[in-house]
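Notes to accompany the following structure.
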Amino acid sequence: MTVCVLGLGYIGLPTAAILAANGCNVLGVDVNPVVVDTINQGNIHIEEPGLEALVKEAVTSGDLRASLTPETADAYIIAVPTPITEEKRADLSYIDVAARSILPLLKSGDLVILESTSPPGTTRERLLPLLEKSGLKAGVNLFVAHCPERVLPGRIIYELVENHRVIGGIDPRSAMRARELYETFVQGNIYLTDATTAEMVKVMENTYRDVNIALANELAQLCHDLDINAWDVIHLANMHPRVNLHSPGPGVGGHCISVDPWFLVERFPRKAQLIRQAREVNDGMPRYVYRKLMEATQHIANPKVTVLGMTYKANVDDIREAPSLKLLELLEQDPHMQVATYDPFAKAFPNAASELREAVVDSDCLLLMVDHDAFVRMNPETVGSWMRHRVVMDTRNALNPKAWQAHGFDYIRLGEGVGSQAMAFEAAPLLVRS
Ligand code: SAJ
């Protein structure tokens, strides 16, 4: 089968490479000439474990090529971004452009799959009419389905194969045709439904997570005021068989969870109250962290703060919607603070230090925003010896408080009242991850 994958980002490229590794002849299309050249040389432009080897092999074997323009194929997979505008409205223009680009190529019997996470209704109400401009009739001689990606950055190659998939057809035949394609590499179960249900499933998965993270973030703020430790509360509450509290943090980043719930708010502005509120709680976290940072450094005149971590989560190189970006905006507006930043995964970030020491020298406070392995492993004595004052604020519950306190650090943790540390039980395990 020949497959044309439109969009060679975090989802499109791994999908194209896996299809090529499983017997398909794949053309990957991207609007960025640098991306196209990089892939045609067998290299990759994003960081994702296992991806480089897969792409190299597929390109070397000739099963994967990249191009700026699509070519005739049996199946087309649209995997382009679906961001939100400043006004929190879905920007579906990339889907429109991709769909228009294949219009002249479509022929009877072709299959078109939308993988991009989209507001419920997009496939049927927006994509279908556009594709039918080709003169083909959906459900008769053109097959159209939504098959949302559900992979976790950092585990994409594994999850592409192992995760269950939901395929929503605009009719049963479309769903079955799409299943034939995904069966070539998916080991998980494949569930068939209609297109709008599949869209809602995907958006709701991320909304579920967003709402639960908002609950954890609210819990963190309440526990701080109660002078107790939110992480202990979560750990103990999660021992209940039907409770799964998520982890608080400095906010929700990435291009998925912080974006998709707005698709529902846009469509149902009055009914999607809880979803909107969760978004607002999570979007408010960088400001909350900023306020806590001011409290933690109020005894220091013109403190230098070192922000550790620019990416949206640990051990990935993606900075889209990262909470650190918002935090930095707040810090930059504050004339009393000096700011240094460092992230081993985002060294090209404007004004970022190229190594840890450069960012930490003469610092008064470390602000851990991302729990990259490299930060969790930091040696408190070495780092402390570079600093002017030893203060560390941990927004991820990633550092060992005792180790840092033993080296003279004021250790401040998101979700923990200042008085609570003396009361913490020795036996309560503090590292909780959901
Ligand atoms: N976060 C918290 N607390 C938590 C969990 C996450 O603050 O308890 C934060 C993270 O630090 C990060 C953000 O939320 O800033 C999102 O991280 P994530 O690891 O939860 O999710 P993503 O955005 O990397 O990937 C999600 C996944 N969706 C679900 O787990 C339901 C993935 O399966 C989707 O494929 C992906 O979105 C997507 O592309 O939609």
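Values in this text are rule-based calculations from the coordinates and carry no lab data. Every value quoted in this text rests on a predicted model; they were computed, and no experiment measured them. FYI the Cβ positions are ideal-geometry reconstructions off the backbone, even for glycines, and counts take in every protein chain you see.
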Notebook entry, point to check: Dividing the Cα convex hull volume of the chain by residue count, how many Å³ per residue is that?
Noted result: 150 Å³
Check: What length, rounded to one decimal in nm, is gained on full extension from L226 through to N43, with 0.36 nm per residue of separation minus their alpha-carbon distance?
Finding: 60.7 nm
Margin query: Can you work out the Karplus-derived ³J(HN,Hα) for every residue in the stretch 312-317? Use 6.51 cos²θ - 1.76 cosθ + 1.60 with θ = phi - 60°, whole Hz, and x for glycine or proline.
Written below: 7, 7, 5, 6, 10, 9
Margin query: Could you tell me how far the Cα centroid of the stretch 350-424 sits from the Cα centroid of the stretch 1-74, in Å?
Written below: 41 Å
Margin query: Starting from the Kirkwood Rh over alpha-carbon pairs, what translational D in µm² s⁻¹ does the stretch 185-334 have by Stokes-Einstein at 25 °C and 0.890 mPa s?
Written below: 141 µm²/s
Note to self: For the stretch 66-145, take N as its residue count and report Rg(C-alpha) divided by 2.2 N^0.38 Å.
What the structure shows: 1.09
Check: By a straight-distance test (C-alpha under 21 Å), which lysines pair with K347 as possible cross-link partners, with residues fewer than eight away in the same chain excluded?
Finding: K304, K313, K326
Next item on the list: Subtracting the Cα-Cα distance from 0.36 nm times the residue separation, let me have the gained length for L215 to R242 in nm, one decimal.
Entry: 8.1 nm
Next item on the list: In whole Hz, with x marking every Gly and Pro, tabulate ³J(HN,Hα) for the stretch 237-252 from phi via Karplus 6.51 cos²θ - 1.76 cosθ + 1.60, θ = phi - 60°.
Entry: 5, 6, 6, 5, x, 10, 10, 9, 5, 8, 9, x, x, x, x, 10
Next item on the list: Would you mind pulling out the separation of the Cα centroids of the stretch 135-191 and the stretch 303-340, in Å?
Entry: 38 Å
Next item on the list: Provide Rg over Rh for the stretch 318-412; use the alpha carbon set for both Rg and the Kirkwood Rh (inverse mean inverse pair distance).
Entry: 0.93
Next item on the list: Work out the FRET efficiency for N141 and R267 from their Cβ-Cβ distance, taking R0 = 25 Å, and round it to the nearest 0.05.
Entry: 0.20
Notebook entry, point to check: Highest mean first, what order results for 7-17, 322-332, 215-225 on Cβ atoms within 10 Å?
Noted result: 7-17, 322-332, 215-225
Notebook entry, point to check: Using 1/(1 + (r/R0)^6) with R0 = 45 angstrom and r between the beta carbons of M176 and A352, what's the FRET efficiency to the nearest 0.05?
Noted result: 0.35
Item checked: Prolate/oblate/rounded label for the stretch 161-230 (Cα gyration tensor, a/c 1.5) -> prolate
Checklist line | Cα-based equivalent ellipsoid, the stretch 1-157: semi-axes from gyration tensor eigenvalues, Å | finding: 25, 19, 13
Next item on the list: For Q338 paired with M294, estimate the spin-label separation in nm (one decimal), with each label point 7 Å from Cα along the Cα-to-Cβ line.
Entry: 2.1 nm
Next item on the list: First select every other residue whose beta carbon is under 10 angstrom from the beta carbon of E149; then total the charges, Lys and Arg +1, Asp and Glu -1.
Entry: +1
